[in-house]
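A.B. asks: This is the structure I want to talk about, given as structure tokens.
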Amino acid sequence: MDDLTAARQLYDTVADSYVRRLPDASFEAGEDLAIIGRFAALIPSDARVLDAGCGTGRMQPVLRSLLPAHRAVGVDLSDEMLRHARLAYPQARFDRGELAALPYPDASFDAVFAWYSIIHTAPADLAEVFAELRRVLADGGAALFGFQHGSGERRRSEAYGHAVELRAHLHSVDDVSSELERVGFVSIESVVRPARPGEAQDQGFVLVRAV
Ligand SMILES: C[S@@+](CC[C@H](N)C(=O)[O-])C[C@H]1O[C@@H](n2cnc3c(N)ncnc32)[C@H](O)[C@@H]1O
């Protein structure tokens with residue numbers, strides 16, 4: 001099964017548990033929230049922001065608190081994750097779509113927020129996803145990526161209380177930055193936050209601007 005089909009099936013299966021176990025951003029560390037704050041400071045408060053791989057939309061309140069007037073659009077490949085997002089955040093728009101083939105015209109957004117959504121994209125496929133995100137972002141727009149930092153794959157036979165196969169890719173901040181730079185972004189900052197107790201990996205964050 002390819003990565004996308006596996007990810008869609010996984011999130012359709014676990015969506016109800018995901019929303020119960022991770023209802024909001026209280027799991028995020030202070031450093032994680034701080035880089036989201038620095039991302040928000042780069043963009044106008046009424047920006048068009050794409051939550052790319054939005055899942056259940058649980059990061060919407062964080063974005064709303066930082067950018068009260070922003071125009072929110074979420075996109076995800078899992079209908080079940082999107083069902084929760086639409087129920088919880090009726091003021092935002094949520095579309096079904098894939099990161100490598102987004103259903104939006106060029107330069108539709110001022111910012112892209114990709115929080116733990118490139119973790120199901122193999123390193124060899126990152127360039128295609130990043131080029132597509134660059135296409136929908138206006139010149140000068142900002143993009144923030146969060147992901148588990150490392151190399152290789154992470155496999156588990158349980159996720160969010162379900163006996164399912166979870167397969168995810170680890171990425172390094174250096175690889176993500178250099179792939180982004182190849183398709184029209186400049187790096188602003190990269191952060192590796194050491195794993196906290198209960199986390200299997202360090203966390204990586206890459207903040208870039210479209211040029
Ligand atoms: C770990 S969840 C993160 C969801 C949300 N950003 C959050 O922080 O709670 C990963 C999400 O990315 C979505 N996703 C993964 N790969 C994707 C792709 N290629 N296109 C669209 N959505 C994708 C999954 O369906 C899932 O909802």
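The values are calculated or read from the model by the stated rules, or taken from the named source; none is laboratory data. No experiment lies behind these values; they were computed from the predicted model shown. Reconstructed Cβ throughout: ideal geometry from the backbone, glycine too, with neighbour counts over all protein chains shown.
A.B. asks: So, in segment 170-211, how many residues would count as being among the hydroxyl-bearing types (Ser, Thr, Tyr) and either in contact with a Lys or Arg (Cβ under 7 Å, 6 or more places away or on another chain) or under 13 Å from ALA142 (Cβ atoms) (or both)?
C.D. replies: Residues in segment 170-211 being among the hydroxyl-bearing types (Ser, Thr, Tyr) and either in contact with a Lys or Arg (Cβ under 7 Å, 6 or more places away or on another chain) or under 13 Å from ALA142 (Cβ atoms) (or both): 1 in total.
A.B. asks: Here is a further query. Please specify each residue of segment 76-85 satisfying the condition of being closer than 25 Å to HIS149 by Cβ, buried (at least 23 other Cβ atoms within 10 Å of the Cβ) and of a type outside the set (D, E, K, R).
C.D. replies: SER78, MET81
A.B. asks: At least 3 residues that are surrounded by 14 or more Cβ atoms within 10 Å (Cβ to Cβ) and more than 13 Å from the ligand (Cβ to nearest atom) in each: list the strands (runs of 3 or more DSSP E) lying fully within segment 86-190 that qualify.
C.D. replies: Details: elements: 93-96, 109-115, 137-148, 153-156, 166-169.
Counting at least 3 such residues, we get 109-115, 137-148.
A.B. asks: Consider segment 1-42. How many of its residues are hydrophobic (A, V, I, L, M, F, W, C), assigned to a helix (DSSP H, G or I), surrounded by fewer than 17 Cβ atoms within 10 Å (Cβ to Cβ) and more than 8 Å from the ligand (Cβ to nearest atom)?
C.D. replies: 3
A.B. asks: Against the definition (within 14 Å of SER108 (Cβ to Cβ), within 16 Å of the chain's Cα centre (by Cα) and at pLDDT 95 or above), how does VAL75 come out, yes or no?
C.D. replies: Yes, satisfied.
A.B. asks: Please specify each residue of segment 173-194 satisfying the condition of being small (Gly, Ala, Ser) and either modelled with pLDDT under 95 or in contact with a strand residue (DSSP E or B) (Cβ under 7 Å, 6 or more places away or on another chain) (or both).
C.D. replies: If the condition is that a residue be small (Gly, Ala, Ser) and either modelled with pLDDT under 95 or in contact with a strand residue (DSSP E or B) (Cβ under 7 Å, 6 or more places away or on another chain) (or both), then SER177, GLY184, SER187, SER190 are the ones that fit.
A.B. asks: For ALA47, which of the numbered conditions (1) within 11 Å of the ligand (Cβ to nearest atom); (2) of a type in the set (A, V, I, L, M, F, W, C); (3) buried (at least 19 other Cβ atoms within 10 Å of the Cβ) fails to hold?
C.D. replies: Going through the list (1) within 11 Å of the ligand (Cβ to nearest atom); (2) of a type in the set (A, V, I, L, M, F, W, C); (3) buried (at least 19 other Cβ atoms within 10 Å of the Cβ), ALA47 breaks only (1).
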